[in-house]
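Below is one structure; the comments refer to it alone.
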Amino acid sequence: MTSPLTDIAGSIGRVVVHITRERLGADRRTSDPAVVPPSARAVTPQWLTGVLCRDVPGAMVIDVEAGEGHNGTSARLPLRVVYNSVGQAAGLPTSLFTKATSTFTSRLLMGVTEIVEGEAIFYNRARPTLDLRSPRAFYAGYDPHTYRSLLLLEDLGPQGWTFPAPMTNTVTRRDAETMVEQLATYHGGLWDSPRLRAGGDLAGLRGATAWQEKLNPISYRKRTLVGLERARHVVPDEVYARRGGMHDAFMRALHLHDLAPQTLLHQDVHLGNWLRDPDGAMGLYDWQCVARGNWALDVSYALSVALPIEDRRAWEADLLRHYLDRLRAHGVAEPPSFDEAMLAYRRQPLHALTLALFSIGGTRFENKLQPQGYMMWAIERIARFVADMETFDVLR
């Protein structure tokens, strides 16, 4: 049996080989719909015809144009698609939003750790069965050999949906209620579901502990501590003082997931991943960190980041009760009691904190995973939540 570090070293070598081939042009353009393209810019009209027109006889894509995008944990850009008259008459989508692991950094972080495999499972199998305020995918592909991934998502902008910048997206009490309602929708929809267990169509989603264990070998603990030093000025003293035991406490919190009913987790519910529908209600996108585990990870993460500290302190008990009520409405016969829920809520914010610290703990040569100003803003809120909840103490 090889060690995780040996496996990762081998995977990195494979990524280097494939990225090099793609940049030299050997795999630059893709026409076969059975092949996951190396990037959104690599798709051809023939490839898109196979993916988008398969249910409309005679329809063809005759042109495709990639717009300007940006790189973070993945490369994102819009596509404009032109069809023949048959495709136009069928109303096939002409405006798409894409996500791809097209860079070395994105394949290292998202591919080698196998994170993007879960996102493909979500869009292909879970999303069609859930009533969410969230984009649907026309295609979600992942290649475990090259670590390529590509999503073609519906473009909700023309329909009046908005994607506000997180630091200017003021969250009111009613907004916060729509957030926990959305969490309860997918948590309740897959609460203790056989779909998540062996033999189920979502069994390929890793548990939260196993998901994290894929990240740990890429210097997760070290980068988290580097991030903590960089964010020291916004971290309460009582949280900073526990830095030596932070990772171990985090892993203890994850192991508690095995003692609770499993459900679908988004796992990256910071405010930058929330959208608004045409009526202003909050919804989620960017499901790249999807896993299964304890509901409280998502709820504590969402409320710790989205709400100003004083509002969160004033509203969180009522919001938690509202969340539990919505679980019942979605068919959960025995949701946690309020006291049980509050304890779980207090125990589960270290995923949010360490992930945020990890994102700012890289070298200066790496692409920034998120804007630095936003991350400091988010870390301050999450770290204060950890202090308020006495998280380290309730994890002893």
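The values are calculated or read from the model by the stated rules, or taken from the named source; none is laboratory data. Note that the structure is predicted; figures quoted are calculated from it, not measured. Methodologically, a virtual Cβ is constructed for each residue, glycine included, from the backbone with ideal geometry; neighbour enumeration extends over all protein chains shown.
All conditions in (1) of a type outside the set (A, V, I, L, M); (2) crowded, with 21+ Cβ neighbours inside 10 Å; (3) part of a loop (DSSP other than H, G, I, E, B) hold for residue 362, with the sole exception of (2).
Only one entry in 37, 57 is at pLDDT 90 or above, outside the structural domain of residue 219 (by TED's automatic domain parsing) and either within 30 Å of residue 216 (Cα to Cα) or part of a helix (DSSP H, G or I) (or both), namely 37. Out of contact with any helix residue (DSSP H, G or I) (no Cβ under 9 Å at 6 or more places or on another chain) and at pLDDT 95 or above - does that describe any residue in region 292-300? No, the conditions are met nowhere in region 292-300.
Checking every residue in region 89-104 against the condition of being under 30 Å from residue 359 (Cβ atoms), out of contact with any strand residue (DSSP E or B) (no Cβ under 6 Å at 6 or more places or on another chain) and among the hydrophobic types (A, V, I, L, M, F, W, C) gives at least one match. Scanning region 138-156 for residues that are surrounded by fewer than 17 Cβ atoms within 10 Å (Cβ to Cβ) and without any contact (Cβ under 8 Å) to a residue 60 or more places away in the chain yields a single hit, 144. Exactly one residue among 207, 189, 245, 280 is surrounded by fewer than 21 Cβ atoms within 10 Å (Cβ to Cβ) and either at positive phi or touching a Pro at 6+ places or on another chain (Cβ under 7 Å) (or both), and that residue is 280. Take residue 271 and tell me if it is closer than 12 Å to residue 351 by Cβ and either surrounded by fewer than 21 Cβ atoms within 10 Å (Cβ to Cβ) or in contact with a helix residue (DSSP H, G or I) (Cβ under 6 Å, 6 or more places away or on another chain) (or both). So residue 271 does not fit the description; no.
Within region 130-154, the set of residues being at pLDDT 95 or above and either of a type in the set (Val, Ile, Thr) or assigned to a loop (DSSP other than H, G, I, E, B) (or both) comprises 130, 131, 132, 133, 134, 135, 136.
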